[in-house]
1. Counting only residues that are modelled with pLDDT of 90 or more and under 14 Å from the mean Cα position of the chain (by Cα), which one in the stretch 20-42 is surrounded by the fewest Cβ atoms within 10 Å (Cβ to Cβ)?
2. Please determine whether any residue of the stretch 87-104 is modelled with pLDDT under 90, within 20 Å of the chain's Cα centre (by Cα) and surrounded by 11 or more Cβ atoms within 10 Å (Cβ to Cβ).
């Protein structure tokens, strides 16, 4: 049997939990540079994405050939997933650095 304090606690804690979880949801971020047009922003982002992808893959290949790890074909699924994660993480960092060098900063997207 549920007593009144338990009911009261659940009535208070449930909405509080939903509010706390909603606060954890982050808004998407976009790259912004003052006094730049949409065409310039798109071009800069495309250039930085291409650069970041190329460099991250180059770093991955360079690291694989200079390490004692086995061929990609014989790696475990776990290792392949970790490698893919590292390439993605590296790509994100390189993209961020490139955009910042071009004068951009990340701001919350407008709805």
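The values are calculated or read from the model by the stated rules, or taken from the named source; none is laboratory data. Owing to the predicted nature of the structure, the values given are computational and were not obtained by experimental measurement. Counting neighbours? That spans all protein chains shown, and the Cβs are built from the backbone with ideal geometry, glycine included.
1. We begin by selecting, within the stretch 20-42, every residue modelled with pLDDT of 90 or more; these are 28-42.
Then drop every residue that is not under 14 Å from the mean Cα position of the chain (by Cα), which leaves 28-31.
Numbers: 28: 8, 29: 11, 30: 14, 31: 19.
That would be 28.
2. no
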